[in-house]
Amino acid sequence: METAGNLHGRVALITGAASGMGLAMARKFAAAGAKLVLGDWNGERLDAAVAELRQAGAAVEAAQGDISDRAAAEALVDRAFSAYGRLDVLVNNAGVMDSMAGVAEVSDETWRRVFAINLEGPLHTMRRAIPRLAEQGGGSIINIASVGGLHGGAAGAAYTASKHALIGLTKNTAYMYGPKGIRANAIAPGGTKTNIGESMARAGVDPAGMARVQAFTSLMPGLLEPEDIAAVALFLASDAARGINGTVITVDLGWTAA
């Protein structure tokens, strides 16, 4: 029987893989025996991640690009099949934060950018991968959502809505393609040490929205390490989770239990 630490012979594609949770997943998956395809928009960080993983003996393919661009997303999926002949695990990890603005204040630009990356990116990769996964007998899709996809106080309107939608997309995918051996699950991290704040800085911060969000985040018991999320992703990628489909696993140190 397969264990949660065994991905030998598997091929895993991870978006947003050059830092934070994505890089932590790449390290854990490689240590578990997986061959990797990595995508990220930041070429310098991606090159560094690839060099590190190859130095450790991992088989790694990588491509820089914007996951919200359909052609770039589809090319990343195609890279797995051209390089390795298959794809077993698809992790949609790439994501951006919003400006913390509510629906009355959020700009069209922020709304569209957040949805393009947080929702349309996973749509592009999943739509490209699923027919091939079905042909080979199945696979595991892992979408990185957020406690913001389960509650209303963790972020602004754009991020909150995009992560709620990603959870809905995950559940629908699990239901539609489960009979073909395809599992789709989501992880909803709480506060985690990543560089997603860079995207919030780009969007600008709405002071009133941030003040309102802080009432919710004040209940957060602590920050998780990226490796905490990667450990759950490794489990969902493995055959140890073969009975888990259409589920959202919350990893938040008990934040949302308050």
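Placing R0 at 30 angstrom, the Cβ-Cβ distance between GLN214 and SER107 gives a FRET efficiency of 0.90 after rounding to 0.05.
Can you give the log10 of the normalised intensity I(q)/I(0) at q = 0.29 Å⁻¹, computed with Debye over equal Cα scatterers of the range 46-108? Those come out to -1.32, one per q. Between the Cα long axis of helix 20-31 and the first principal axis of the chain there is an angle of about 20°, rounded to the nearest 10.
Look at the alpha carbon pairs under 8 Å that are at least 6 residues apart: their mean separation over the length of the range 11-250 gives a relative contact order of 22 percent. Close amide H contacts of VAL96 (hydrogens built in the peptide plane, cut-off under 5 Å, sequence separation of 5 or more or a different chain): ASN118. Net charge around MET220, counting only other residues with Cβ within less than 13 Å of its Cβ (Lys, Arg = +1; Asp, Glu = -1)? Overall, the nearby charge balance is 0.
Our helix-only sum for the chain, with -39,500 (n - 2.57) per DSSP H run of n ≥ 4 divided by its residues, gives a mean residue ellipticity at 222 nm of -14000 deg cm²/dmol.
Electrostatic bookkeeping for MET176 treats Lys and Arg as +1 and Asp and Glu as -1; over the other residues with beta carbon under 14 Å from its beta carbon, the sum is +4. For the Cα atoms of the chain, what angle does the longest principal axis make with the long axis of helix 226-237, in degrees from 0 to 90, nearest 10? Orientation of helix 226-237: about 50 degrees from the principal axis. By the Cα gyration tensor, the range 40-163 has an equivalent ellipsoid whose semi-axes, rounded to whole angstrom, run 29, 17, 13 from largest to smallest. Per-residue Cβ neighbour counts within 10 Å put LEU219, LEU76, LEU169 in the sequence LEU219, LEU169, LEU76, beginning with the fewest.
When ranked by the protection proxy of mean other Cβ atoms within 10 Å per residue, highest first, what sequence do the peptides 99-110, 223-234, 18-29 form? Don't skip to the end; give the middle numbers.
Details: 99-110: 17.2, 223-234: 19.7, 18-29: 24.9.
Sorting 99-110, 223-234, 18-29 by mean packing, highest first, produces 18-29, 223-234, 99-110.
Given axes a ≥ b ≥ c from the Cα gyration tensor, I'd like to know whether the chain is rounded (a/c under 1.5), prolate (a/b larger than b/c) or oblate. Verdict is prolate for the chain.
For the pair PHE81 and ILE244, what calculated FRET efficiency results from E = 1/(1 + (r/R0)^6), where r is the Cβ-Cβ distance and R0 = 30 Å, to the nearest 0.05? Write down the numbers at each step before the final one.
Details: r = 25 Å, r/R0 = 0.84.
The formula returns an efficiency of 0.75 here.
Highest-first packing order for the peptide set 8-17, 130-139 is 8-17, 130-139, based on the mean count of other beta carbon atoms within 10 Å. Classify the range 133-255: rounded, prolate or oblate, from the alpha-carbon gyration tensor (a ≥ b ≥ c, eigenvalue square roots; a/c under 1.5 rounded; otherwise prolate if a/b is larger than b/c)? It is prolate, given that a/c is not under 1.5 and a/b is the larger ratio.
Return the whole-Å distance between the Cα centroid of the range 218-258 and the Cα centroid of the range 16-46. Taking the Cα centre of the range 16-46 as reference, the centre of the range 218-258 is 18 Å away. Stretched out straight at 0.36 nm per residue, the stretch from ASP47 to ASP66 would grow longer than its current Cα-Cα span by 5.3 nm. Using a Gaussian network model of the chain in which every pair of alpha carbons under 10 angstrom is joined by a spring, one finds that among GLN214, GLN55, GLN64 the greatest mean-square fluctuation is at GLN55. Bridge orientation summary for the range 11-250: considering DSSP beta bridges with both residues in this region, about 0 percent are antiparallel. As a rough footprinting exposure proxy, the listed residues ASP98, ASP47 were ranked by other beta carbons within 10 Å of their own, and the order from fewest upward is ASP47, ASP98.
Since every read-out is calculated from the coordinates, none of them should be taken as a lab result. Since we're looking at a predicted model, the values are computed, not measured. No Cβ is skipped: glycine too gets one built from the backbone with ideal geometry, and neighbour counts run over all protein chains shown.
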